[in-house]
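Scroll down for the structure; my scribbles are underneath it.
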């Protein structure tokens with residue numbers, strides 16, 4: 001694929017060569033010497049650099065592979081149109097450049113030599129259409145047929161900015177730089193927090209979310225969106241932006257305790273989402289494959305699938321199941337900033353992140369300072385948690401622990417929930433001791449009550465059956481994983497809804513039905529109940545868990561019958577009448593949404 005720039009043609013200038021126009025030549029100041037004629041615009045704090053200029057009327061499209069195409073407006077002028085010669089597309093060019101022979105030949109002949117990825121040169125005449133990249137027909141496999149042998153990776157070319165916005169393109173180049181140079185430190189990122197970028201982030205927020213301490217909702221903020229965003233940008237530039245305290249809320253946990261959540265103000269959500277995208281563009285190139293939580297194109301089911309693949313195809317005999325005590329509440333702020341500085345050294349951006357960490361909490365009208373932790377519920381907390389555990393756990397395990405082991409070992413982590421599979425039991429126990437020491441350096445502790453080392457795997461289960469013992473189980477991401485058998489008698493990993501999660505779901509459903517039955521009529525809350533059940537099926541609907549889904553359906557219908565009949569002293573339905581009501585107003589039946597392959601055992 002090609003990176004395209006539009007270049008203004010002037011009599012005193014020439015078109016830049018391929019090396020001069022390569023945007024990946026140098027993206028970040030402070031990461032070594034420039035590899036071209038100037039730094040790319042994405043690295044400058046105050047607008048574009050002095051070597052790059054915005055041209056509102058560009059005439060030539062320059063491909064970084066070295067080819068040149070004439071803009072449509074210039075072509076139409078050659079054909080005799082009355083339209084002006086200049087293209088109205090915003091373009092950039094580098095100063096002190098003059099026209100090359102190749103560009104002159106293109107201007108005279110209208111033929112452009114283009115080097116595709118396969119290395120063959122293809123001449124394209126101006127005005128002719130290129131081969132399609134978008135699939136033209138859709139086959140039986142639900143995938144179209146485009147260019148033969150071509151595969152779209154989604155990362156070969158920068159995204160096209162919408163409505164003139166260029167932040168997404170700059171983030172793409174930052175990602176390329178982060179991938180090419182793992183030691184590069186980004187010194188200039190705060191300038192990406194532009195008005196257009198913040199407006200895009202605002203539109204991505206969900207409209208019906210609870211407001212923060214200021215009570216400003218999405219629709220209220222939208223009424224004066226331009227003025228609000230301009231005021232926000234002004235405060236960001238003047239370094240006067242200070243996040244508001246988060247509003248504390250609680251949700252029940254499976255063990256009977258309550259999990260604290262922090263609800264940021266709407267304006268803080270906008271800035272958090274923008275910073276989250278910037279950090280993702282950098283750190284996604286560093287994150288290990290063992291991490292699955294809160295990452296693009298990864299989910300809980302991907303982590304579960306990986307656990308299944310490891311146990312079924314690798315020599316796993318022991319599983320280390322450990323839990324970090326109140327991780328989001330005990331994150332050390334100094335360690336967090338040091339982790340960020342491994343890649344980001346922009347003082348302006350780091351200052352904003354530090355203010356988010358120390359913004360405080362409002363609970364029942366009282367302000368509480370926060371010297372540790374990052375509040376769950378914020379848009380920035382997940383990426384910060386991944387960065388923290390990347391350096392505290394993932395890199396340490398991949399670079400140091402694995403190098404010292406004799407047998408197989410593999411880590412699978414989803415946010416602060418992780419398991420480690422080992423081939424040898426003694427190495428698993430040694431890792432458990434070393435892990436406590438390692439996490440203590442980052443201010444984290446292991447919960448002894450929730451942590452254990454169990455014998456688990458194909459061989460461990462077979463040995464337990466021979467001895468007449470019950471195979472051990474462990475919980476991961478709301479599921480209980482246990483040793484099971486296929487219809488052919490082969491070993492497999494079984495998955496079912498965790499008993500703790502099931503009881504919590506039923507308790508939450510009971511409280512919701514109890515509260516909603518008198519607040520609105522049955523015709524209004526019945527579809528809401530169906531949506532809740534569908535959401536449960538979409539997460540817990542994995543192959544082998546149909547009984548858990550059926551149990552959820554039965555108990556939910558039973559609770560609905562119970563609370564419908566408690567709206568008054570007189571019962572509304574008996575069971576036969578309720579079943580007739582269900583036949584006309586059915587609740588969604590259990591459905592499997594996620595199927596896991598049975599891996600070939602080795």
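Three semi-axes describe the equivalent ellipsoid of region 383-495; taken as square roots of 5 times the Cα gyration tensor eigenvalues and ordered largest first, they are 28, 16, 13 Å. Under the criterion of Cα pairs below 8 Å and six or more residues apart, the relative contact order for region 499-584 equals 34 percent. With the simple spin-label model, which puts each label point 7 Å out from Cα in the Cβ direction, the residue 224 to residue 402 separation comes to 5.5 nm. Computed over region 293-427, the Cα gyration tensor eigenvalues convert (square root of 5λ each) into semi-axes of 33, 17, 14 Å, ordered from largest to smallest.
Taking 0.36 nm per residue of separation and subtracting the current Cα-Cα distance, fully stretching the chain between residue 463 and residue 521 would add 15.2 nm. Sorting 400-410, 173-183 by average packing, meaning the other beta carbons within 10 Å per residue, from highest down gives 173-183, 400-410. Annotation: Cα Rg of region 445-602 relative to the compact-globule expectation 2.2 N^0.38 Å equals 1.33. Across region 383-495, the relative contact order, built from alpha-carbon pairs under 8 Å that are at least six residues apart, equals 15 percent. Distances between every pair of Cα atoms in region 255-320, grouped in 5 Å steps from 0 to the bin holding the largest one, split as 3, 12, 14, 14, 16, 17, 12, 7, 4, 1, 0 percent.
For residue 253 and residue 565, what does the FRET efficiency come to when R0 = 25 Å and r is the distance between their Cβ atoms, rounded to the nearest 0.05? Could you put the intermediate results ahead of the total?
Numbers: r = 31 Å, r/R0 = 1.23.
With R0 = 25 Å, the Cβ-Cβ based efficiency is 0.25.
Under Stokes-Einstein, with the Kirkwood radius over Cα pairs as Rh, the value for region 470-537 at 20 °C and 1.002 mPa s is 147 µm²/s.
With kT/(6 pi eta Rh) evaluated at 20 °C and eta = 1.002 mPa s, and Rh the Kirkwood radius from Cα pairs, region 499-584 diffuses with a coefficient of 155 µm²/s according to Stokes-Einstein. Projected label points at residue 576 and residue 334, each 7 Å from Cα along the beta carbon direction, are separated by 7.5 nanometres.
Going from the fewest other Cβ atoms within 10 Å to the most, the residues 507, 185, 466 appear in the order 466, 507, 185. A straight chain from residue 358 to residue 313 at 0.36 nm per residue would run longer than the Cα-Cα distance by 11.6 nm. Once the chain from residue 429 to residue 341 is taken as fully extended at 0.36 nm per residue, the excess over their C-alpha distance is 28.4 nm.
Taking a spot 7 Å from the Cα of residue 242 along the direction of its beta carbon, which residues of region 253-282 have an amide N less than 12 Å from it? Of the residues in region 253-282, none has backbone N under 12 Å from the label point off residue 242. In terms of overall dimensions, region 428-472 has a Cα radius of gyration and Dmax of 14.7, 44 angstrom. Distance between the modelled labels on residue 451 and residue 208, one decimal in nanometres: 4.1 nm (7 Å Cα→Cβ projection).
All of the numbers you see were taken from the coordinates with simple rules; none came from a lab. Computed from a predicted model, the values in this text were never measured in an experiment. With ideal geometry, Cβ positions are generated from the backbone for all residues, glycine too; neighbour counts draw on all protein chains shown.
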